Amino acid sequence: MTAAAQINPPTRLLMGPGPINADPRVTRAMSAALVGQYDPAMTAYMNETMGLYREVFQTRNEATMLVDGTSRAGIEAALVSLVVPGQKVLVPVFGRFGLLLQEIGERVGADVVTIHRPWGEVFTPEEIEAALEEHRPDVVAMVQGDTSTTMNQPLEGIGELCRRHGALLYVDVTASIGGNTFLADQWQIDAATAGLQKCLAGPSGSSPITLSERAVEVIRSRKHVEAGIAAEGETARGERIASNYFDLGMILDYWGPQRLNHHTEATSMLYAARECARLIGEEGVAETVERHRVNGAAMAAGLDGLGLERFGDQEHRMNNVVAVRIPEGLDGDAVRNGLLENFGIEIGTSFGPLHGKVWRVGTMGYNARPDAVLTTLSAIESQLRLAGQGVVAGGGVGAALEIYSDAGLR
């Protein structure tokens, strides 16, 4: 058998829509020693992580924890646990990840109804309310920030509308939390799930989740404890959640005082998730959002300065990612490949109707900082020149520096 070489990935600056370069403090935390899942140190870290993510989500929800798996694991856990097969789920779709919620809803047996906005736009509260009145859903599932379009859906008032119409509100905040304001309690969000690999400045592989008391009540109404660990006389309730691994009822018991065994906690990922939240707490949630706003504005202005046209409704663009139209006649993939090969910088294209039509440039997490923004803009300018595109010399960096100057950065 031929031995594989030691892993040695190339050094990249990841300035696409995610994943991003993890903060070195997060990767250092991941190298800490492993301990058993019921070691007092481990259960203390779990409790600390719950508290730290209450601050990130801006909630008092006791049921705030991690789902072991990528951000999609959190999405699936939320929907399979909250939705009883046959119940109606309303999904407002304004990009690829709304379509993902539709698919997962269908897979868990929901009667899914959708409303749509063109990619690059968001919904008004009136449109959501009209759909609630027409369809009377049990659950509304929507995305806050959809990186496929770079749009940030306003959520204020949506939770109140859902409660008025008897629906739970679930929100996927994978790409938005940490870089854009998210107020779980104030906005009356019943469930929200995230991922580490965007504005939280970590690696993919852990999905923070928070659940309101209303959501927990629904999950508890479907409680079925796994055979072999159920207490004598344990009574099952409601229709069993279709997934064992993503059964939030059992995961709640695992993270709660009962510490009822469910799975072996992904220790190194818990260390990473804890450090991501600790760093946001250290900086301040509002300050983290503002850092993303300033650096995102500098990146957007810099792309303007290179003569690139932004895509979508800029009033509702996410702070942490901007899409620009690929100039007519330019090979977008060739430019992206050149950035990677010549400068070690990654940016993205998009999906579906936007594939090959836009570039998406991210400014998030550890990479939401001036040196990363200015380096990326300089490299894009150089690569555009290599592709024969006429650009103003220094136009991108100059425009970004004006934003930084206005923000008081020197």
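The values are calculated or read from the model by the stated rules, or taken from the named source; none is laboratory data. As the structure is a prediction and not an experimental result, all values here were calculated from the model. Glycine also receives a Cβ, built like all others from the backbone with ideal geometry; neighbour counts cover every protein chain displayed. Please note that ligands, DNA and RNA were not included when accessible areas were found on the heavy atoms of the full protein model with its side chains. Shrake-Rupley method; radii C 1.70, N 1.55, O 1.52, S 1.80 Å.
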### Message
For segment 104-126: of the residues being acidic (Asp, Glu) and part of a helix (DSSP H, G or I), which is surrounded by the fewest Cβ atoms within 10 Å (Cβ to Cβ)?
### Response
Glu126
### Message
Kindly evaluate Asn295 against the criterion of being in contact with a strand residue (DSSP E or B) (Cβ under 8 Å, 6 or more places away or on another chain), within 18 Å of Ala201 (Cβ to Cβ) and open to solvent by less than 10 Å² (accessible area, probe 1.4 Å).
### Response
no
### Task
Determine whether Gly307 is open to solvent by 10 Å² or more (accessible area, probe 1.4 Å) and more than 16 Å from Gly69 (Cα to Cα).
yes
### Query
Any idea which of Leu101, Leu155, Leu161 is buried (at least 22 other Cβ atoms within 10 Å of the Cβ) and in a helix (DSSP H, G or I)?
Leu101
### Task
Would you point out which residue out of Ala400, Ala334, Ala297 is in a helix (DSSP H, G or I) and over 30 Å from Arg278 (Cα atoms)?
Ala334
### Task
Select from segment 73-98 the residues that are touching a residue at least 60 places away in the same chain (Cβ under 8 Å) and assigned to a strand (DSSP E or B) and list them in ascending order.
Leu90, Pro92
### Task
Name every residue in segment 31-45 that is assigned to a helix (DSSP H, G or I), surrounded by fewer than 18 Cβ atoms within 10 Å (Cβ to Cβ) and touching a residue at least 60 places away in the same chain (Cβ under 8 Å), in order of residue number.
Met42, Thr43
### Message
Among the residues in segment 313-321, are any surrounded by fewer than 21 Cβ atoms within 10 Å (Cβ to Cβ) and without any contact (Cβ under 8 Å) to a residue 60 or more places away in the chain?
### Response
yes
### Query
In segment 132-145, what residues are in contact with a Ser or Thr (Cβ under 9 Å, 6 or more places away or on another chain) and without any contact (Cβ under 8 Å) to a residue 60 or more places away in the chain?
Val143, Gln144
### Search result, residues across segment 380-396 that are among the hydrophobic types (A, V, I, L, M, F, W, C) and open to solvent by 40 Å² or more (accessible area, probe 1.4 Å)
Leu386, Ala387, Val392, Ala393
## Note on the structure
Checked against (1) in contact with a Gly (Cβ under 7 Å, 6 or more places away or on another chain); (2) over 17 Å from Gly178 (Cβ atoms); (3) open to solvent by less than 40 Å² (accessible area, probe 1.4 Å), Ala22 satisfies every condition except (2)
### Query
Just for segment 338-379: of the residues that are without any contact (Cβ under 8 Å) to a residue 60 or more places away in the chain and open to solvent by less than 10 Å² (accessible area, probe 1.4 Å), which one is farthest from Arg25 (Cα to Cα)?
Val358
### Query
Applying the selection to segment 280-292, what residues are open to solvent by less than 20 Å² (accessible area, probe 1.4 Å) and in contact with a helix residue (DSSP H, G or I) (Cβ under 8 Å, 6 or more places away or on another chain)?
Ile280, Thr288
